[in-house]
């Protein structure tokens, strides 16, 4: 009796924060997003993926740690949409940062070659 209650509490806690639960398989597969990583739990086994790959036209994640008999797991649409948006935002931020760094470097180099006296004249004003 106590063992059953303990198991039910654990499953309730797992389901509480899950992005998606796949009820079609035994044991259930729980999908979580933590930062920019996808965490997948199946029973006592856990796998963490950091990217989505397209395999035979379907979106999947490398989850060899789950020991499914094959290295990739097809991801449900709900998980794919959410995780792709997070990956997309991360890539955009990285590209924006690279662009800003490039622009800053370009300005520094450009102004280092310009002789200021050629474009600006300084005159002393007598009072």
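Each reported figure results from applying straightforward, stated rules to the coordinates on display, with no laboratory input. All of these numbers come straight from a predicted model, not from anything done at the bench. With ideal geometry, Cβ positions are generated from the backbone for all residues, glycine too; neighbour counts draw on all protein chains shown.
Numerical summary
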read-out	value
Two-site FRET efficiency, residue 62 against residue 11, from Cβ-Cβ distance with R₀ of 25 Å, rounded to 0.05	0.45
Ranked list, fewest to most other Cβ atoms within 10 Å of each Cβ, for 10, 39	10, 39
Mean Cβ neighbour count within 10 Å, used as a protection proxy, ranking 15-26, 65-76, 50-61 highest first	65-76, 50-61, 15-26
